[in-house]
Amino acid sequence: MDLRQIWILYRHEVRSALRERSIVAMSIVVPLIMYPALLWAGFSAMSFVEGQAERLTSRVAISGLPAAHAPLADSLRAHDRISVIEWDGEPEEALRGVALGRLDVFMGFGPPGAGTEGLADNIQVELAYNEASDRSRAARVRVESTMRSYRETWVDEARTDLGIRNPAWADFAFVRDDVATAEEGIRFVLGLLVPFLTLIMVALASYYPAIDATAGERERSTWETLMTVAAPRANVAAAKYLYVATFGAVGGLLNVTALALSLRWILTPTGGAEELATGSIPFGALPVIAMGTMLLGLLVAAGMLVFAVFARNFKEGQSMITPFYLAMIFPAILVQSPDIEFTASLAIVPVVNVALLIREAILGSIPLLPGVVTLVSMTVFVGLAVAFAQWVMRREEVFLGASEGGLGTFLKRRLGVRGREA
Amino acid sequence: MSDSPVRTEGLSKVFYDASRGEVNAVDAVDLDCSRGEILGLLGANGAGKTTTLRMLSTILRPTSGHAWLMGHEVRAQPERVRAELGFYSASTALYPKITPRETLRFFAQVNGYPPKSVEARVEELIDRFRIGDYADARVEKLSSGMKQKVSIARTVAHDPPVLIFDEPTVALDVLNAIELRKIISDLRSDGKAILFSTHVMSEAEQLCDRIAIIHHGRILAVETLDGLREATGLHYLEDIFVHYAGVKDADAAAEANISSEGAGASPPGAAPRGDRKEREGSSK
């Protein structure tokens, strides 16, 4: 294999691609700008919606409140974001009002549950709210907070009336303590987000170059020009493969870099930026992410070329390559579950293993055995994918675009009915 | 063995067609082309000109037979063959996003022109083909006439001894076609062996030193224009072509045992006809 010749062909492919607006947009501009901008817009929208809900007055309907607990209604009325509505109608109608968004919370008062009847004026409160509504959820939080204060005061008075004094009344304390720092919390989110976006970005950044290097050449009628150069077909295929892999890996790396650099800006709407100390993605994780992205780029490039090489024009290329693109996205969705553990057996599965490796690196610890298995597995799969891509691309009927149908038809013909061309 | 830069022996290509089955696109073609010669391949559309030239340029693999370019066999040494060859056709377009200068540099480099001399070669081509004014503009911005010059310069970027022009004037206007023929004629003067396919009779008459008439994948005659005239007793190439093509069809009809009536007299020196007579003679 003449490396100098491959370098000349590769440089030629890359130069042409860098002057193609659609490729530059999809492989460089989108990774750099789109996801940081999308995330910022998403967080901004979430914060805006939450802020809106916080600013709105909660419409709370109460029904059947005993006279002995009238101070509860007073406490609710004293809240500057709660508007109390005395409900005289049927409770079902109030519940419908909550469901339809006309009310935010319905409080129904009734007799206490079994075993607590002995306590004078004891009651049971049923809160109906709509989990699907920001405004209703915010109202529930407000009502529960007011209720909790009122309940503590009421229980304290009841205890005094019963002659129970401290320490006899001493309850056991329940204290919550989140040992995760704010930065660790953000890393957890990034551990889910970055592998997902990296996978999508590598696939997206390889998509157009793969079509451009094959169907694009045919559509521009430069394919035959290239076929007459004094380079072995294997060198032409290798240069095209490296070109697609480069764009895939660079697209993925640019995306991660852009995310890391713009994270403070992205999190500003949530107030999370203040919680970030320095750099959100640990420095030690960067080489792992870079290596993982390159491995993904190498694998995806081979896969996409195998599909795209059968296409005779850009449209065909898009339709042939899209199933593979979607197949790449599926593992990205799978690793969104934080409960998936990075085990040695899962580390054999290509793509999934790299996504989990990146997640673990961001979380700050990489289990040794799955890490090594991932490297070995990806190397083997990349080797197999490249060998298969080379085998397919070197067939005369494929290289010349004379093979009808896609990869499936080609394989069927090779494995089954041979000798269509005598 | 002939020392012709281009030589074929029994070169054949069979395609499989779903509706027609096996199709003999090129059938046992024997050709040769010398240095400083333009060999015209004259035939109707679908006669097998492009398939023949594609096999010579290693784009297609022959089903049987052999072809050598500068002594390299097309199946055994395809890269060596392509290094000795410049191929130009209506379907060998230029890369639109790079400049003519970059185009020439790329094709000289990738075809193995000595690295140290590449830049000098690029400048030489820019001067020779007078493309200096737009050498650094992107190809996509050029007119079709400009692109044509760059395309020919691209074909000869690595200074190959053999050139193939497959219906090069098919999409050109009259002036550009004239200029292209002039360039090809100049390349002959440089000592290149040139294969030139066309279905335009006047082009073949003006440009070609010898003309190979190809019909239904078979070479019916290879001669100078004068030789063809002498062999057929006809003056115009169009008549000569129709004469040979008609004979070929009559032969086919005879082989199919239908009728050879009206096929006309057998032209003296016409190889396929002569062969048939010889076979008939020997069977008696």
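The values are calculated or read from the model by the stated rules, or taken from the named source; none is laboratory data. Computed from a predicted structure; not experimentally measured. Cβ coordinates were reconstructed from backbone atoms using ideal geometry, including for glycine residues, and neighbour counts include every protein chain displayed. In case anyone asks, the SASA skips ligands and DNA or RNA and just uses the protein heavy atoms, side chains included. Shrake-Rupley method; radii C 1.70, N 1.55, O 1.52, S 1.80 Å.
Worth a mention:
- Average other protein chain Cβ within 10 Å of Cβ, residues A:210-221: 1
- Taking the alpha carbon gyration tensor of segment A:279-341, multiplying each eigenvalue by 5 and rooting it gives semi-axes of 30, 15, 9 Å, largest first.
- One equal scatterer on each Cα of chain A, no solvent, Debye formula: the resulting log10 I(q)/I(0) at q = 0.07, 0.10 Å⁻¹ is -0.55, -0.82.
- Computed P(r) (all Cα pairs; the protein assembly as shown; 20 Å bins; percent): 14, 32, 24, 15, 10, 5, 1, 0
- Charged-residue dipole, Cβ positions (Lys, Arg, Asp, Glu), chain B about Cα centre, Debye nearest 20: 780 debye
- Average beta carbon contacts from partner chains per residue of B:103-109, 10 Å cutoff: 4
- Degrees separating the helix B:174-189 axis from the principal Cα axis of chain B, which is the longest one: 90 degrees
- Leading residue at positive end of dipole, segment B:89-204 (Cβ point charges), from B:Phe165, B:Thr155, B:Val110: B:Val110
- Burial here means at least 50 square angstrom less accessible surface with every protein chain in place than with the chain by itself, probed at 1.4 Å; in segment A:1-44 the buried residues are A:Arg4, A:Ile8, A:His12, A:Arg19.
- Between A:Gln124 and B:Asp209, the modelled labels are 11.0 nm apart [label points 7 Å from Cα along Cα→Cβ].
- Segment B:59-73 - phi-based ³J(HN,Hα) in whole Hz, Karplus 6.51/-1.76/1.60, Gly and Pro as x: 5, 10, 9, x, 6, 7, x, 9, 9, 10, 10, 6, x, 9, 7
- Carbon plus sulfur fraction of accessible area for segment A:215-266, probe 1.4 Å, in percent: 70 percent
- Surface composition of segment B:160-240: carbon and sulfur make up 50 percent of the accessible area, probe 1.4 Å.
- Dividing the summed helix terms, -39500 (n - 2.57) for each DSSP H run of n ≥ 4, by the number of residues in chain A produces a 222 nm estimate of -20500 deg cm²/dmol to the nearest 500.
- Expressed as a fraction of 2.2 N^0.38 Å, the C-alpha radius of gyration for segment A:56-161 is 1.07.
- In summary, the helical segments of chain A meeting the span-like criteria, namely a full DSSP H run, a Cα extent along the axis of 20 angstrom or more and a mean Kyte-Doolittle hydropathy of at least 1.6, are A:285-308, A:368-394.
- Between segment A:50-129 and segment B:150-183, the alpha-carbon center distance in angstrom: 89 Å
- Nearest-20 debye value, segment B:57-142 charge dipole, Cβ charges on Lys, Arg, Asp, Glu: 220 debye
- Spin-label model, A:Asp88/A:Ala73: points 7 Å from Cα along the beta carbon direction are separated by 1.2 nm.
- Accessible area (Å², per residue) of the protein assembly as shown, counting only protein heavy atoms and a probe of 1.4 Å: 47 Å²
- Modelled spin-label separation between A:Val14 and A:Lys412, with each label point placed 7 Å from Cα along the Cα-to-Cβ direction: 4.0 nm.
- Cβ-based charge dipole, the protein assembly as shown, positive-most Cα from A:Trp40, A:Ile211, A:Thr374: A:Ile211
- Measuring nothing but protein heavy atoms, the accessible surface of segment A:56-161 at 1.4 Å probe radius is 49 percent carbon and sulfur.
- Dipole of chain B computed with +1 at Lys/Arg Cβ and -1 at Asp/Glu Cβ about the Cα centre; of B:Ser144, B:Tyr244, B:Leu207, farthest Cα towards the positive end is B:Ser144.
- In segment B:65-85, burial by the other protein chains removes 20 Å² or more of 1.4 Å probe accessible surface, compared with the chain on its own, from B:Glu79, B:Arg82.
- The number of Lys pairs in chain B with C-alpha atoms less than 23 Å apart, excluding pairs fewer than 8 positions apart on the same chain, is 15.
- In a reduced charge model with +1 at each Lys and Arg Cβ and -1 at each Asp and Glu Cβ, the protein assembly as shown shows a dipole moment near 1760 debye about its Cα centre.
- With a 1.4 angstrom probe, the accessible area lost at the B-A interface totals about 3000 Å².
- Residues in segment B:65-105 reached by a label modelled at B:Ser34 [backbone nitrogen below 19 Å; 7 Å Cα→Cβ]: B:68-71
- Full extension of the chain segment joining A:Thr57 with A:Ala45 gains 2.3 nm, where the gain is 0.36 nm per residue of separation less the Cα-Cα distance.
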